[in-house]
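First the structure, in the form of structure tokens, and then the observations on it.
The values are calculated or read from the model by the stated rules, or taken from the named source; none is laboratory data. Everything numeric in this text was worked out from a predicted model, so none of it was measured. A quick note on method: Cβ atoms are made from the backbone with ideal geometry, for glycine too, and the neighbour counts reach across all protein chains shown.
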Amino acid sequence: MISKSHFLENIHEVSTVLKKEKAVIIEDNELLACGDLHGDLQSLNYAFKLRDELGIKKIAFLGDFIDRGSHQIEVLQSLIERKIQEPNNVILIRGNHEETTICSNYGFLTELKKAKMEDLFPEIEQLFGELPVFLHLKNYAVMAHGGIPLEKNRVVQLDEIKKIPGNIGYDHSYSMECMWNDPVEAWYSPDQLPQDPIIISPRYSLANCFTKSQVKEFTEDWGVKFLIRAHVSLPEGYKWYNDRVLSIFSSASSFYKGFNRTYAECRFDTPPIIHQNPGKT
Ligand SMILES: [Mn+2]
């Protein structure tokens, strides 16, 4: 673990990098996508090793870096260092755990206290507010921690998400939904799919579930084939909810012992290629 003063310097340095980014990252290079880490440092290190082996420059982390696992501070420190070293190649997307209420209750604040670093918490909270919430990989996929935002019977369009200012805070409804929403198939079996125009998320009353047809509308409008997202813990490491929605999960930290840490290689001439980490927990 790095020293507190070095960590604080890095937080300030990465903040100047993140302030230049918009809420939506627009990317036209092939990349490796990584799902929830939840304090799994081994998974983070493996993701970079895999990127290098595959000869890909870019790597995107789809949120939930912290909480629950045993190396939360190290994971956050390492991601910040990597972002400083390679600001254009490392993409950090905000998850619902990169937020004050959640990370005060699910482990991160406790870890900071144990490490006698809790006075850095306000700086870290501010940093979380500067993270982008959405990634548009041109002609291929849109990516977010949760998924696409919805509003009053309609799918919020990508250009509306793009208008979310930097330093968004957690309360902006579109950004909050990007972090929290789920595919409806994650909660309901095929014969029990609700028909309501808006399906409230069973996990959070301010979030929604998006349907296959809503994803189709969104992805077709923007000329992409897939929605790649994280947010659901999957022992098998990944799941296709329909032919457009891929969910990946990359943590096998103490809380997710035995899970398959999974990453998605995004090459333009093929659907996402699944890779799994051979390391066992
Ligand atoms: Mn999540």
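Here are the numbers:
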{"quantity": "Qualifying position, being more than 29 Å from LEU18 (Cβ to Cβ), out of contact with any Pro (no Cβ under 7 Å at 6 or more places or on another chain), small (Gly, Ala, Ser) and free of Cβ contacts under 8 Å to residues at least 60 places away in the same chain, among SER201, SER189", "calculated": "SER189"}
{"quantity": "Test set (1) surrounded by 14 or more Cβ atoms within 10 Å (Cβ to Cβ); (2) within 15 Å of the ligand (Cβ to nearest atom) - PRO202 fails condition number", "calculated": "(1)"}
{"quantity": "Boolean, ALA23 is at pLDDT 95 or above and surrounded by 21 or more Cβ atoms within 10 Å (Cβ to Cβ)", "calculated": "no"}
{"quantity": "One residue from SER253, SER213 being at pLDDT below 95, surrounded by 17 or more Cβ atoms within 10 Å (Cβ to Cβ) and small (Gly, Ala, Ser)", "calculated": "SER253"}
{"quantity": "Which listed residue, of GLN72, GLN77, is modelled with pLDDT of 95 or more and surrounded by 19 or more Cβ atoms within 10 Å (Cβ to Cβ)", "calculated": "GLN72"}
{"quantity": "Residue under evaluation GLN42, criteria (1) touching a helix residue (DSSP H, G or I) at 6+ places or on another chain (Cβ under 8 Å); (2) closer than 19 Å to LYS257 by Cβ; (3) more than 16 Å from the ligand (Cβ to nearest atom), criterion not met", "calculated": "(1)"}
{"quantity": "Output for region 83-141, where each listed residue is in contact with a helix residue (DSSP H, G or I) (Cβ under 7 Å, 6 or more places away or on another chain), in a helix (DSSP H, G or I) and away from the ligand (no atom under 16 Å from the Cβ)", "calculated": "LYS83, ILE84, LEU109, GLU111, LEU112, GLU118, LEU120, PHE121, GLU123, ILE124, GLU125, LEU127"}
{"quantity": "Qualifying residue in region 257-272 (condition: surrounded by fewer than 20 Cβ atoms within 10 Å (Cβ to Cβ) and within 16 Å of the ligand (Cβ to nearest atom))", "calculated": "no"}
{"quantity": "Contacts under 6 angstrom Cβ, first residue in region 13-28 being closer than 16 Å to SER175 by Cβ, partner part of a helix (DSSP H, G or I) and not aromatic (Phe, Trp, Tyr), 6 or more apart", "calculated": "VAL24/ILE161; VAL24/LYS162"}
{"quantity": "Where PHE226 falls short, out of the listed (1) aromatic (Phe, Trp, Tyr); (2) out of contact with any helix residue (DSSP H, G or I) (no Cβ under 9 Å at 6 or more places or on another chain); (3) within 28 Å of ASN45 (Cα to Cα)", "calculated": "(2)"}
{"quantity": "Cβ pairs under 7 Å, 6+ apart, first in region 219-233 and without any contact (Cβ under 8 Å) to a residue 60 or more places away in the chain, second within 16 Å of the ligand (Cβ to nearest atom)", "calculated": "VAL232/ASP182; VAL232/ALA186; VAL232/SER247; VAL232/PHE249"}
